[in-house]
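The values are calculated or read from the model by the stated rules, or taken from the named source; none is laboratory data. Note that this is a predicted model, so its numbers are computed, not measured. Positions of Cβ are backbone-derived with ideal geometry, glycine not excepted, and every protein chain shown enters the neighbour counts.
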Amino acid sequence: MQTFHLSQPASLDAALAAAREHGVKFIAGGTDLMQLLKDNIESPTELIDLEHVDLSSIQADAQELRLGAMARMSDVAAHPDVRAGWPIIAQTLEASASPQVRNMGTIGGNLLQRTRCGYFRDTGFACNKREPGSGCPAISGENRLMAILGGSDHCIATHASDLAVALTALDATLELRGADSERRVPIVDFYRLPGNTPHIETVLRPGDLITAVTVPASNLARNSHYLKLRDRASFEFALVSIAVGLDVQDGIVQGARLAAGGVGTRPWRLPDVEAALRGKPQDDAVLRDASSLATVGAHAARQNGFKQTLLQRATLRALQMASA
Amino acid sequence: MPSVTRRVTRRGLLGATVSGLAMGSVAARSDDTAQVGLPPPPPAAATATDIVLQINGNHVPLSVDPRTSLLDALREQVGLTGTKKGCDRGSCGACTVHLDGRRVLSCLTLAARAQGKVITTIEGLAIGDALHPVQAAFLHHDGYQCGYCTPGQIMSAAALIKEGHTRSDAEIREWMSGNICRCGAYPNIVAAIRDAVQEG
């Protein structure tokens, strides 16, 4: 680990002002950043501790849910308003990591965790995300866990967050602050495809911070479910996961929102599946036909072709769960 | 100088052995560098920070490098070696402690960020000679084999019971999934927790 200076500002403005300097990094829960520091994947000269910045509120009303970026994963998951109005958010959080990590990890930090790609995490290998232009060993190497959607010739690493999959399905918006700027960005526009710049992962500019996440209230959000399939039952990242929100009135699907995790270079919205459900009767044949569209645009590497089958089947299972 | 009879402990013996090995490797390296004519690289500069941690009811002043994890501070500086270092990457749970009553991983916590929080380690769980109900239940059910993961398991289990995630064995297993036991003592760990819930 390279040495750094730790500053502990008491206000958001002070934190944002400190972040103007080059080589500065925010630290929230630290559960991912500490790993990256220990493995010399990140080597900031200064860490800005957000612990004392007041960003941890959880507020819900009839219109929307607003989660402060420093709200802990476990506190959000346990919140009665979250569980009632946006159950999928609690489900994705409780399917993430371990209880200890959830007590530490924050909403903002979870959305900004780096990929679990083994090549990215090991400085002994080339990686275009870590060292732009050095190459991507995953494309012809060990790629069982890699993305089948959104990859490029430069990177096929998946996005690791479960929460981001739920927020993508539910049309969440991120509130971003910089020292001189304030923006609201829909989460579907927040993550960038790797293209030929896989090291630029989001639309955040240097010194920007996620301050809050808002999620609209809806029938879809109230009837939302998360299905996560993984190599072991708990404390593991997704091979394939599906977030689904369904609004069904009198047996007809009024609206459907779906997103997939573990398969894309960013949380992956499934618009073709949604379109195939809208206005249709909620029966098994419709669900099956729609599920087959989950893999539109998918491209498998040597070892991860199984994710295509798994993605279609997981989509069907998640739709059946939401219909039950 | 008075003569002192030193008690040989497993830790002392291991420490002596390790430092002996380290000296051997340093000697070998200095021979190598002499041949190629290069001095060994200097250690990275680090600025120490003075902090005070509140550990098991005691205020402990420390001078730490900003990089120091709470785990390393507890073990190497405070001498509380009950908290174990397994993976040092947040994957095994051996380093679990309580911060303000919540279970967290001390390997992923910077010591300097633990200032102002109430830190409880395995050494602070018992009250005097009275074991915490989870400690007693682990003894009764033989909830360990080698024992290395045990402090983390017990700290996690004590928190789990307070959280109330004990309505079934399946729920206990799910909410203990952050603590890995490579001996595979899981059935007895679950039995101990179930018992401790009833005792509590």
Count of region A:13-45 residues which are closer than 30 Å to B:Gly178 by Cα and either buried (at least 16 other Cβ atoms within 10 Å of the Cβ) or more than 13 Å from chain B (Cβ to nearest Cβ) (or both): 17
Failed condition for B:Gln77, given (1) more than 13 Å from every other protein chain (Cβ to nearest Cβ); (2) of a type outside the set (Gly, Ala, Ser); (3) crowded, with 18+ Cβ neighbours inside 10 Å: (3)
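Can you report the number of residues in region A:219-233 which are touching a residue at least 40 places away in the same chain (Cβ under 8 Å) and more than 16 Å from the chain's Cα centre (by Cα)?
5
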Qualifying residue in region A:266-278 (condition: within 14 Å of the chain's Cα centre (by Cα), assigned to a loop (DSSP other than H, G, I, E, B) and under 22 Å from A:Thr158 (Cβ atoms)): yes
Boolean, B:Asp65 is modelled with pLDDT of 95 or more, within 9 Å of chain A (Cβ to nearest Cβ) and touching a strand residue (DSSP E or B) at 6+ places or on another chain (Cβ under 9 Å): yes
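Return yes or no: is A:Ala217 farther than 30 Å from A:Ala17 by Cα, more than 14 Å from chain B (Cβ to nearest Cβ), in contact with a Phe, Trp or Tyr (Cβ under 6 Å, 6 or more places away or on another chain) and of a type outside the set (D, E, K, R)?
No.
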Residue list for region B:111-154, restricted to those being buried (at least 19 other Cβ atoms within 10 Å of the Cβ) and of a type in the set (Ser, Thr, Tyr): B:Thr120, B:Thr121, B:Tyr144, B:Thr150
Unique match (being touching a Ser or Thr at 6+ places or on another chain (Cβ under 7 Å), of a type in the set (Val, Ile, Thr) and surrounded by fewer than 21 Cβ atoms within 10 Å (Cβ to Cβ)) among A:Thr115, A:Thr214, A:Thr158: A:Thr214
The lone exception for A:Ala10 - which of (1) closer than 26 Å to A:Thr168 by Cα; (2) within 14 Å of chain B (Cβ to nearest Cβ); (3) outside any helix (DSSP H, G or I) it fails: (1)
Scope region A:256-284; condition among the aliphatic types (A, V, I, L, M) and either closer than 23 Å to A:Asn196 by Cα or touching a residue at least 24 places away in the same chain (Cβ under 8 Å) (or both); matching residues: A:Ala256, A:Leu258, A:Ala259, A:Ala260, A:Val263, A:Leu270, A:Val273, A:Leu277
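Considering each residue of region A:248-265, count those that are outside any loop (DSSP other than H, G, I, E, B) and crowded, with 19+ Cβ neighbours inside 10 Å, and give that number.
Looking only at that region, the number is 8.
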Criterion (among the acidic types (Asp, Glu), out of contact with any Pro (no Cβ under 8 Å at 6 or more places or on another chain) and under 20 Å from B:Asn188 (Cβ atoms)) met by exactly one of B:Asp100, B:Asp88, B:Asp142, B:Asp129: B:Asp142
Residue under evaluation B:Thr150, criteria (1) of a type in the set (Ser, Thr, Tyr); (2) over 11 Å from the mean Cα position of the chain (by Cα); (3) more than 28 Å from B:Asp50 (Cα to Cα), criterion not met: (2)
Which listed residue is touching a helix residue (DSSP H, G or I) at 6+ places or on another chain (Cβ under 6 Å) and either away from chain B (no Cβ under 14 Å) or surrounded by 24 or more Cβ atoms within 10 Å (Cβ to Cβ) (or both), from A:Ala243, A:Ala238: A:Ala243
Flag for A:Ala71 being more than 13 Å from chain B (Cβ to nearest Cβ), out of contact with any His (no Cβ under 7 Å at 6 or more places or on another chain) and within 26 Å of B:Ser91 (Cβ to Cβ): yes
Residue in region A:300-314 that is under 18 Å from A:Leu220 (Cα atoms) and either buried (at least 21 other Cβ atoms within 10 Å of the Cβ) or over 20 Å from the mean Cα position of the chain (by Cα) (or both) present: no
Selection within region A:147-179 - farther than 30 Å from A:Leu220 by Cβ and of a type in the set (A, V, I, L, M): A:Ile156, A:Ala179
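In region A:142-195, which residue that is among the small types (Gly, Ala, Ser), in contact with a strand residue (DSSP E or B) (Cβ under 7 Å, 6 or more places away or on another chain) and in a loop (DSSP other than H, G, I, E, B) is nearest to A:Asp13 (Cα to Cα)?
Step by step, filter region A:142-195, then rank; the result is A:Ala172.
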Enumeration of residues in region A:295-324 that are in contact with a strand residue (DSSP E or B) (Cβ under 7 Å, 6 or more places away or on another chain) and hydrophobic (A, V, I, L, M, F, W, C): A:Ala298, A:Leu310, A:Leu311, A:Ala314, A:Ala318, A:Leu319, A:Met321, A:Ala322
